[in-house]
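Worksheet: the structure to be examined is printed underneath.
The values are calculated or read from the model by the stated rules, or taken from the named source; none is laboratory data. Note that the structure is predicted; figures quoted are calculated from it, not measured. Counting neighbours? That spans all protein chains shown, and the Cβs are built from the backbone with ideal geometry, glycine included.
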């Protein structure tokens, strides 16, 4: 989880870890290609940019481990 570990914001890092642990590569790719999930942003206290960065980090770490 090297990309996730580089995230500075605590909420963003927690969300990225959650995504990494609970989502498949395919689901993360779909999320990265779509628009930010408003409900997840509210739940985790993230901006759209933070949500996108967390998804990208979780996806990158998944792909690095394939």
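Key figures
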read-out	value
Condition met for residue 60 (part of a helix (DSSP H, G or I), modelled with pLDDT of 95 or more and in contact with a helix residue (DSSP H, G or I) (Cβ under 9 Å, 6 or more places away or on another chain))	yes
Residue identified as at pLDDT 95 or above, more than 11 Å from the chain's Cα centre (by Cα) and within 15 Å of residue 65 (Cβ to Cβ) among 26, 21	26
Subset of region 4-16 that is in a helix (DSSP H, G or I) and under 14 Å from residue 50 (Cβ atoms) - its residue that is farthest from the chain's Cα centre (by Cα)	10
Cβ-Cβ under 6 Å pairs, at least 6 apart or on other chains, region 1-16 side modelled with pLDDT of 95 or more, far side in a helix (DSSP H, G or I) and surrounded by fewer than 16 Cβ atoms within 10 Å (Cβ to Cβ)	none
